[in-house]
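The structure appears below as structure tokens.
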Amino acid sequence: MRSGSNLERVLESGRFAVTTEIGPPKSASADPVRRKAALLRDSADAFNLTDNQTAIVRLSSMASSVVCLQEGAEPVMQMTCRDRNRIAMQSDLLGAAALGIRNVLCISGDHQTFGNQKEAKNVYDLDSVQQLMVFRQMRDLGQVWGGDVLEERPQVFLGAAANPFADPFELRVARLAKKINAGADFIQTQAVFDLDRFERFMAMVRERGLDRRTHILAGVIPLRSANAARYMKTKVSGMSVPDEVVDRMKNAADPKKEGVKLCVETIDRLRSIPGVHGVHIMAIGWEDIVPSVVQECGLAPRP
């Protein structure tokens, strides 16, 4: 183990990992993060703190990660390329490591046009692949990108995102390979509803031996309504939601209960797919359902 990360320890031991998300509030108060961390800390191995998700100003991912640490929950600090140049990225990585944050997820970030300040200027000095390269150099070689030697290296477990469902499908694995080559120790995927397509993706991953070079955590979302399923199918780019999922939610007497059942069934099938090392549960605005999902899957308590 390089980082001291609990998530790394679980994955390297061969146990099936569970991560989930905590969305920081649109507030200067850390209380919502504190409450969610206390509620969820026994239900997952690590917790993503999103970085101004949907390009809307929220409590920072770094501050939220520190709050999680205070509550005994291990954070995965998300860091977007949208808002930082390479100097700020490297500075924030050093700051995160100094504060005891051991997991960092490198992502592009939602474009500012998705948010409520569309006139904001994006940065994108580096993309997420380059971001991984820079961070790996800092960790493994002890050098910033400009070449200066660090007095102390940031000990971090580096993650990246992957979307098995975006088009063109045949390039998805090539994109994943780039991130692994750049330094991704673990991968969290887009939410899986189309299990057949995901299995085809994983077959290509195994053909290239990528599952032996990184840890893949498949994303899942517990649905609350047919409208949510329909929205993801028709409005969210890069999502693949089969008609039968929408119909099942539409015909359910209790949509929330059916959504949890569907999520549990999805996780059970994901656990049987070779090369899948864990799940990433994205209970958007419904974090209090996560303990029930983990319990019903037989994945509680966490080690």
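Each value in this text was obtained by applying a stated rule to the coordinates, not by laboratory testing. Keep in mind the model is a prediction, meaning the values are calculated, not measured. Cβ sites come from the backbone with ideal geometry, for glycine too, and all protein chains shown count toward neighbours.
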Legend entry - Rg/Rh for the stretch 1-126, where both radii come from Cα atoms and Rh is the Kirkwood radius: 0.98
Legend entry - Percent of beta bridges antiparallel (DSSP, the chain, rounded to nearest 5): 5
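So between ASP127 and SER225, what do we pick up on full extension, going 0.36 nm a residue minus the alpha carbon distance?
31.8 nm
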Inset, instruction - Quick one: net charge around VAL276, please, counting Lys, Arg +1 and Asp, Glu -1 for every other residue with C-beta under 11 Å from its C-beta. - result: +1
Legend entry - Cα-centre dipole for the stretch 186-303 with unit charges at Cβ (Lys and Arg positive, Asp and Glu negative), debye to 20: 260
Inset, instruction - For the chain, set up a Gaussian network in which alpha carbons nearer than 10 Å are linked by springs, and say which option among GLY109, GLY72, GLY219 fluctuates the most. - result: GLY72
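Over its Cα atoms, what ratio of radius of gyration to 2.2 N^0.38 Å does the stretch 196-242 give? Intermediate results must be reported in sequence, preceding the final value.
Numbers: Rg = 13.9 Å, N = 47, 2.2 N^0.38 = 9.5 Å.
So the Cα radius of gyration is 1.46 times the expected 2.2 N^0.38 Å.
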Inset, instruction - Round to the nearest 0.05 the FRET efficiency obtained for LEU69 and LYS235 when R0 = 45 Å and r is the Cβ-Cβ distance. - result: 0.80
Inset, instruction - Within 10 Å of each residue's Cβ, count the other Cβ atoms and sort HIS280, HIS215 from fewest upward. - result: HIS215, HIS280
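Output the direction-averaged projected area (hull surface divided by four) of the convex hull of the alpha-carbon atoms of the stretch 130-214, in nm². The partial results should precede the final answer.
Numbers: hull surface 24.1 nm².
Over all viewing directions, the stretch 130-214 projects a mean Cα-hull area of 6.0 nm².
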Legend entry - Dipole of the stretch 198-238, positive direction: furthest Cα of TYR231, ALA203, VAL220, with charges on the beta-carbon: TYR231
Inset, instruction - Give the long-range amide H neighbours of PHE157: residues separated by 5 or more places, or on another chain, with amide H under 5 Å away, using H modelled in the peptide plane at 1.01 Å from N. - result: ASN103, VAL104
Inset, instruction - Check cross-link reach from LYS121 to the lysines: straight Cα distance under 29 Å, and skip same-chain residues fewer than eight apart. - result: LYS26, LYS178, LYS179, LYS235
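Sort out the exposed loop trypsin sites (Lys or Arg not before Pro) in the chain (DSSP loop, at most 12 other Cβ within 10 Å) and tell me the longest stretch that has none.
122-303
Assuming 0.36 nm per residue, please report the length gained on full extension of the stretch GLN155 to ALA300 beyond their Cα-Cα distance.
49.4 nm
With +1 on the Cβ of every Lys and Arg and -1 on the Cβ of every Asp and Glu, and nothing else charged, how large is the dipole of the chain about its Cα centre, in debye rounded to the nearest 20?
Numbers: 40 positive and 37 negative charges, 41 e Å.
Its charge dipole is roughly 200 debye.
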Legend entry - Taking GLU296, GLU74 and counting other C-beta atoms within 10 Å, the order from fewest to most: GLU296, GLU74
Inset, instruction - Output ³J(HN,Hα) for the stretch 115-127: one whole-Hz value per residue in order, computed from phi by the Karplus curve 6.51 cos²θ - 1.76 cosθ + 1.60 with θ = phi - 60°, and x for Gly and Pro. - result: x, 9, 10, 5, 7, 4, 8, 7, 10, 6, 4, 10, 8
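First select every other residue whose beta carbon is under 9 angstrom from the beta carbon of SER240; then total the charges, Lys and Arg +1, Asp and Glu -1. Walk me through the numbers on the way to the answer.
Values: positive: ARG197, LYS233; negative: ASP194.
Taking every Cβ under 9 Å from that of SER240, the sum is +1.
Report the FRET efficiency, 1/(1 + (r/R0)^6), for PHE169 and GLU119, where r is their Cβ-Cβ distance and R0 is 22 Å, rounded to 0.05.
Details: r = 35 Å, r/R0 = 1.58.
Between PHE169 and GLU119 the formula returns 0.05.
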Inset, instruction - Express in whole angstrom the spacing between the alpha-carbon centres of the stretch 192-254 and the stretch 91-145. - result: 27
Inset, instruction - Take each uninterrupted DSSP H stretch in the chain, measure its Cα extent along the helix axis, and return the ones at 15 Å or beyond whose mean Kyte-Doolittle hydropathy is at least 0.0. - result: 86-98
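Which value does Rg/Rh take for the chain over its C-alpha atoms, Rh per Kirkwood? If you can, show how the numbers build up before the last one.
On the way: Rg = 18.5 Å, Rh = 19.6 Å.
Ratio value, two decimals: 0.94.
Let me have the relative contact order for the chain, percent, based on Cα pairs under 8 Å that are six or more residues apart.
Values: 583 pairs, mean separation 57.0, N = 303.
RCO, the chain: 19 percent.
Based on the Kirkwood radius over alpha-carbon pairs, what value in µm²/s does the Stokes-Einstein equation return for the translational diffusion coefficient of the stretch 146-303 at 4 °C and 1.567 mPa s?
Details: Rh = 16.8 Å.
Calculated translational D: 77 µm²/s.
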